[in-house]
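The values are calculated or read from the model by the stated rules, or taken from the named source; none is laboratory data. Owing to the predicted nature of the structure, the values given are computational and were not obtained by experimental measurement. Positions of Cβ are generated from backbone atoms using ideal geometry, with glycine treated the same way; all protein chains shown enter the neighbour counts. Keep in mind that these areas ignore ligands, DNA and RNA; they rest on the heavy atoms of the full protein, side chains included. Shrake-Rupley method; radii C 1.70, N 1.55, O 1.52, S 1.80 Å.
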Amino acid sequence: MSSRWKKAAAILCLMSCLALDAGPEVSQIWAAGQEKTDNSGADSSEGDGKQGMSDSEGMSGFSIDNQNIYEGMESSYAGGYVPKIEKNKAVIVLPLQAKRKLSGNKMTVTLRFGESENHPFMYKNYEKAVSFGYHKTGKQGQTAGCYLVTFRLDLKKERYNGSYPVTLSASAQDESGNEILQEFTVYVTITDGKKAEGDAKGDAAEGGGAAGFVIDNQNVYKGMEKSYSRGYVPKVGNDSAVLVLPLQAKHKISGSRVTAALKFGEGENLPFVHKNYEKAVKLRYYKTGRQGKKAGRYLISFNLKLKKDRYNGSYPVIVTVSGQDESGNEISQEFTVYVTITDGKKAGETEGTQEGGEDHTAKFAPKVMIDSYQFSKKKILCGEKFTAKITLHNTSNTEPVKNMMVSVAPGENVELLGRTDSSYVQELAAGGSCDLSFRFRVNASAPRGQYSIGIAMDYADARGGTHTAEGSMKVSAEQSVQIQLPPVSVPKTIQLGETVELQTQAMNLGKGKLYNVRATLEAEGLTPSGTAFIGDIEAGTSMAGSMEITAEGLTGKNLYGTTQGKITFYYVDEAGNEMTQEQTFETDILSPLSGENEEESEDDTRQWWIIMAVIVVFLIQAAVIFFMRKSKGIQTGSGEVNE
């Protein structure tokens, strides 16, 4: 089943709830299921199932209880159930009924999201075991037995409005050991997010994501008894089914013409006569319910020939619509319409015995499924190696599997590190399991996200028949956080009462975005003005912040002295994990007068030495003059005596 089929398969599943007038809310959510097993005809004699169950296919193993309202639901599936959105979480509730007795009265349910880039869900691995139980319903004092599947999905803070598919896969074994695997798609409607660019306006229901067409779900056209919002069901009569699909294009289509082709779902008991259906459909204008105004629609209509020997049930018909916009870009989208057969045989009816009175019981080939997988690391970072341990299980309790080749096919941004992409298992006993290991690495440059690794199994049964099975495992990879925080420059001395501004800086050297980067300061005697908020830092960029600190003095008898403190940086990665880094510092708190006294002391000392030097020089000069005069006087006296 292609991923595109899965995304579209949910759109019209509630059409199987015949004649239920649920109002326009039904256009917001659908639940669809299709069993992935070859156990056709293996249903018990319960036939079409019990009243009040919504089944997507006549021979499926599970069905939705569409009549009751359980805890976490505001309306039943028949009444247009929509998952609740509360506190950045989406609560999905899916009440399932088993058509056959399940082994251990339990099933395993896994969950995956659609492929839209703008889907609102946080990447996580969801899987749980669900047991049968009796639960309270909306009817006072009443309980109902079912497998009540509930998931609480974390939503992104930045999300876009729209309806997004969530696929739930339910797997179990019946008492005979036959595998049952069925998928249901529930649409979660976001209304409290941003408006996505290019959203279509008007009365249309989108099949999901950034598609090119939407269904006109409000109006009734020729060949229809109800609009899509009120549970349109194709007319069946005279061995034919009339399918009508009114589409509105989001963009102008080149030549105002599209091509519509049909293909049927898989299964041996499909009621349709296999033919090739394809036609060109032109844009035409039709009167709508809006005061008779005309609106342009591509009205697709097919008349499908039915087999005379057909079984009751709801069967998917996939309508593929393709065209080109005015820029020459190809637009292709799939829509799934369910045709409900009520005039055929009941599921499970057989001819009884063959010629000769022998009772021929169908024998089914053994099925191999991925029972579980585990990774060698709890948290996988992009660029790091890890080992995946895969557990395979033979669901048959009677037949072994032989000559099995298991191959892995890493998806985008995932690299296989081993020498080979396959492993050989000679034999897997009936009901047995085996473990295989492969080594992988998510590319270091890959963005944070969930990546797929495909698993294919080729094997033979005891009679030599060859079979294949496929599956996948999902690996969630995170980008490692690489941040550089230059040391904050704190002055070595601060005077009491002085206010100083500190500058902070952060550089994001990793591949992912960092959120709410900020810094705080703690130190005795220093009071910060607040938090230095730096902000959200994109990969490969840097940003700065600042804060002011005031010296208010140490506690105790002495206000002055040395204080030690720390600066703590906080930041959040893309997965929502908060991290911290610390820097320490030391500074002296001084008296506001200490600086002036030191300066004056230095000035006074310098002046004293200058004065002393002047006095010494003066005394030397005076001594020289004195001795010079004395010497001159002696010389003069000597001369007079001689005469």
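Quick rundown of the values:
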read-out	value
Protection proxy ranking of 252-263, 500-511 - average other beta-carbon atoms within 10 Å, highest first	500-511, 252-263
Sparse-neighbourhood loop sites, trypsin sites (Lys or Arg not before Pro) in the range 430-471 - DSSP loop, at most 15 other Cβ within 10 angstrom	R463
Selection of trypsin sites (Lys or Arg not before Pro), the range 119-151, meeting DSSP coil and at most 14 other Cβ within 10 Å	K124, K139
Low-density loop positions, trypsin sites (Lys or Arg not before Pro), the range 217-251 - DSSP coil, at most 16 other Cβ in 10 Å	K222, K226
Exposure of T143 as accessible area (Å², to 10), given a probe of 1.4 Å and all protein chains	90
Net charge, D371 excluded, C-beta distance under 13 Å - Lys, Arg +1, Asp, Glu -1	-1
Packing rank of 327-340, 535-548, where each peptide gets the mean count of other beta carbons within 10 Å, highest leading	327-340, 535-548
Chain lengthening between D458 and L381 when straightened (0.36 nm per residue, less Cα-Cα)	24.5 nm
Ranked by how many other beta carbons lie within 10 Å on average, peptides 72-81, 401-410 from highest	72-81, 401-410
Alpha-carbon centroids, the range 481-523 and the range 144-189: separation in whole Å	47
